[in-house]
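To start, the structure itself, in structure tokens.
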């Protein structure tokens, strides 16, 4: 339609310049007719839905120009209408909401055991009480209970949590989860249609079907502009008796600021968002995002990284944490287990040299055994009871408090250490949520299938308004509907279990870089980069694009109203009115194009050299992270008594601080902070962090002074213990907080390495 109407307008213009006025009128009339037919259909379809939008004015204007012979005016309006429709079509292309990925994930058959015979049957043939065999890597076909032995399951599809779980005989298992261990037998407790996974699919379909269509910005303004335009045109005809005067009013009343300017601003916002890795599937979604007041978020993969990471390494007496990690990673480097990958990755970050394991045996649910450097090493669950040693009790206590998984290291039958892993908070999460609040969000809510304790801890750190833990997919949908009843609500998630809630929200946002296909299919917005701060960028862009669209529409309509008044008294014929309307259109479109640019609220112009520094120091943080708990562990040893072994450990920790931590802090002070001073607004922006550097150095020197006294005396004096403990625990607290603050406030500013490499 756009090509034909533009072609007809240009052909008519060429013919008119050549003196063929009749042929020019024919071309312009043809272009007008091409626009009238589909426009009438659009109006009829809208009226059936009890809606009357901008297209109705355009149809009346097009018919009016044909009736009074103002063909060039009709052709101009036809081009405007076609352009607006083309823009809307580009903005409204969106993926289907049928959640094909959910259906593709669901199994189509099951293996049923009868005696010693196993047969494959259609899923619809499974009945309650059937004994089913679930092989390694297979999806559990129906709800049931483990019949015998135990099962190792990946429940991330349903809960979003990345850590695998174990289920023993008699424990319930839900359909849709994946068997991450060896084959097990399941006693069906429900048919496939009545099982958990089928319920999620139904939830997603219902939620998507119940979502009301978005009322676009242009149609909302047309609701009052349309009757006003008709009233002015009718009054002009009634008073003057001239149909041409009424048509002139309709020509200048043609809502091109609504047909063109608003869509141009919105499409400009869509284009700008896509350059940042935010794919918005329609102008309606962008407009709604700009009006959002409530943000509901999943935890795993959204606020956290979605991958387990090593958070602490505990060592038995006479063992060092790095040696514990090195041996564990040596065994785990051949394992595909998600925890093994995290342990191996941490060892590589710390530049530990791994040994090649021999005689590797992996037992699902238990761990990995191998021979390393002539010693028999086991990583996973301990082979026997842990006993009541203080350090093992402390590890178990920390794991419970933090919601962490523990991989125990056993060397030749004796427990030598433990590696604690959990899903860490995203570095950019706190800063992003602060930006979102600044952008107008009034309420931040977290929904998670995780336990309350770790969920509440994250909620406290991030300052969330509400945290709901132990949430099923149905619970999440209910929560989103509850929030949506009060305010325009955005839901962010990344898993299959989030898909129904994404479909239920006013705007669903999927973390698409590593999220499930199902969540991306159900979402209105997909973040293609694994960065939560892109959502804040998208909201900034959405609010600016919507503000410019409103500004352009209101300005254009005000000018149109003025032109309508002039046309109503007979001072503006239809053709001149069409040209004047074109001038108004050009002005408001140029204004709408401002949505393509503009500074983002959280955007900082960082030089490439500064970003390289940020990446360098972030990597150093990863390497130094193991020193922080070593400071606390040394303090714990000292608290138990100032033995010669404690003095040796304190000397080791002091050496690490002097040789690794202090040089890092001094380099930040002299290189990184000056580079950040400009973008952040001056040296005062980094003053707090500089004060932390000074405190770290002061406490390190204080520790060194005590060690000099102890070294000359050959022991730690009783009068030194309290001050040493104060210095050590103070160092641990300051280092822990300082590392987190730098990561959140500074390191999160840098682009991802792959993004940095694409810049000119």
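Going by what's in this entry, would residue 6 be described as assigned to a helix (DSSP H, G or I) and surrounded by 15 or more Cβ atoms within 10 Å (Cβ to Cβ)?
Yes, satisfied.
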### Message
Could you go through the stretch 380-394 and let me know if any residue there is under 27 Å from residue 628 (Cβ atoms), buried (at least 19 other Cβ atoms within 10 Å of the Cβ), touching a helix residue (DSSP H, G or I) at 6+ places or on another chain (Cβ under 6 Å) and not assigned by TED's automatic domain parsing to the domain that holds residue 169.
### Response
no
#### Entry: Checking residue 548 against (1) modelled with pLDDT of 80 or more; (2) over 28 Å from the mean Cα position of the chain (by Cα); (3) more than 30 Å from residue 353 (Cβ to Cβ), the condition it does not meet
(2)
### Message
Within the stretch 395-405, does at least one residue satisfy the condition of being crowded, with 16+ Cβ neighbours inside 10 Å, on the phi > 0 side of the Ramachandran plot and in contact with a helix residue (DSSP H, G or I) (Cβ under 8 Å, 6 or more places away or on another chain)?
### Response
yes
### Query
Does residue 136 satisfy being at pLDDT 75 or above, surrounded by fewer than 18 Cβ atoms within 10 Å (Cβ to Cβ) and closer than 30 Å to residue 269 by Cα?
no
### Message
Looking at the stretch 416-447 only, could you name the residues that are over 16 Å from residue 289 (Cα atoms) and either part of a strand (DSSP E or B) or modelled with pLDDT of 90 or more (or both)?
### Response
416, 417, 418, 419, 420, 421, 422, 425, 445, 446, 447
### Query
Of 607, 595, 601, 619, which residue is closer than 30 Å to residue 434 by Cβ and modelled with pLDDT of 85 or more?
619
### Message
Just to be sure I understand, how many residues within the stretch 701-717 are in a helix (DSSP H, G or I) and either closer than 15 Å to residue 653 by Cα or in contact with a helix residue (DSSP H, G or I) (Cβ under 9 Å, 6 or more places away or on another chain) (or both)?
### Response
11
### Message
Please verify whether residue 519 is buried (at least 24 other Cβ atoms within 10 Å of the Cβ), more than 22 Å from the chain's Cα centre (by Cα), in a helix (DSSP H, G or I) and modelled with pLDDT under 85, treating the condition exactly as stated.
### Response
no
### Query
Could we say that residue 59 is assigned by TED's automatic domain parsing to the domain that holds residue 233, under 19 Å from residue 226 (Cβ atoms), under 43 Å from the mean Cα position of the chain (by Cα) and at pLDDT 75 or above here?
yes
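Scan 366, 275, 293, 350 and give me the residue that is modelled with pLDDT of 85 or more and either out of contact with any helix residue (DSSP H, G or I) (no Cβ under 7 Å at 6 or more places or on another chain) or surrounded by fewer than 22 Cβ atoms within 10 Å (Cβ to Cβ) (or both).
Of 366, 275, 293, 350, the one residue that is modelled with pLDDT of 85 or more and either out of contact with any helix residue (DSSP H, G or I) (no Cβ under 7 Å at 6 or more places or on another chain) or surrounded by fewer than 22 Cβ atoms within 10 Å (Cβ to Cβ) (or both) is 293.
Residue 587: under 23 Å from residue 537 (Cβ atoms), assigned by TED's automatic domain parsing to the domain that holds residue 559 and either touching a helix residue (DSSP H, G or I) at 6+ places or on another chain (Cβ under 8 Å) or surrounded by fewer than 16 Cβ atoms within 10 Å (Cβ to Cβ) (or both), yes or no?
No: the conditions fail for residue 587.
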### Query
Would you say residue 647 is surrounded by 16 or more Cβ atoms within 10 Å (Cβ to Cβ), modelled with pLDDT under 90 and touching a helix residue (DSSP H, G or I) at 6+ places or on another chain (Cβ under 7 Å)?
yes
### Query
modelled with pLDDT of 85 or more, crowded, with 24+ Cβ neighbours inside 10 Å and either in contact with a strand residue (DSSP E or B) (Cβ under 6 Å, 6 or more places away or on another chain) or over 27 Å from residue 749 (Cβ atoms) (or both): does that describe residue 480?
yes
### Task
Could you tell me whether the stretch 729-750 includes any residue that is over 39 Å from the mean Cα position of the chain (by Cα) and either under 30 Å from residue 615 (Cβ atoms) or buried (at least 17 other Cβ atoms within 10 Å of the Cβ) (or both)?
no
### Query
Within the bounds of the stretch 191-209, is there any residue that is touching a strand residue (DSSP E or B) at 6+ places or on another chain (Cβ under 7 Å), modelled with pLDDT of 80 or more and outside the structural domain of residue 368 (by TED's automatic domain parsing)?
no
### Given (1) touching a strand residue (DSSP E or B) at 6+ places or on another chain (Cβ under 6 Å); (2) within 30 Å of residue 444 (Cα to Cα); (3) outside any helix (DSSP H, G or I), index of the condition residue 399 fails
(3)
### Message
Suppose we filter 182, 175 for residues that are under 24 Å from residue 499 (Cβ atoms) and modelled with pLDDT of 70 or more; which single one remains?
### Response
175
### Message
If I ask for residues that are assigned to a helix (DSSP H, G or I) and out of contact with any strand residue (DSSP E or B) (no Cβ under 6 Å at 6 or more places or on another chain), which ones from the stretch 483-501 would you list?
### Response
484, 496, 497, 499, 500
### Message
Regarding the stretch 313-324, can at least one residue be identified that is out of contact with any helix residue (DSSP H, G or I) (no Cβ under 9 Å at 6 or more places or on another chain), farther than 30 Å from residue 464 by Cα and not in a loop (DSSP other than H, G, I, E, B)?
### Response
yes
### Task
Could you check, for the stretch 653-662, whether at least one of its residues is over 26 Å from residue 391 (Cα atoms) and crowded, with 18+ Cβ neighbours inside 10 Å?
no
### Task
Exactly one condition in (1) touching a residue at least 24 places away in the same chain (Cβ under 8 Å); (2) under 42 Å from the mean Cα position of the chain (by Cα) is not met by residue 707; state its number.
(2)
### Task
Determine which single condition residue 679 fails, assuming it passes every other condition in (1) within 32 Å of the chain's Cα centre (by Cα); (2) buried (at least 19 other Cβ atoms within 10 Å of the Cβ).
(2)
### Query
Looking at residue 457, is it more than 25 Å from residue 424 (Cβ to Cβ), outside the structural domain of residue 405 (by TED's automatic domain parsing) and part of a helix (DSSP H, G or I)?
no
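The values are calculated or read from the model by the stated rules, or taken from the named source; none is laboratory data. Bear in mind the structure is a predicted one, so any value in this text is a computation, not a measurement. Using ideal geometry, Cβ is built from the backbone for each residue, glycine included, and neighbour counts are taken over all protein chains shown.
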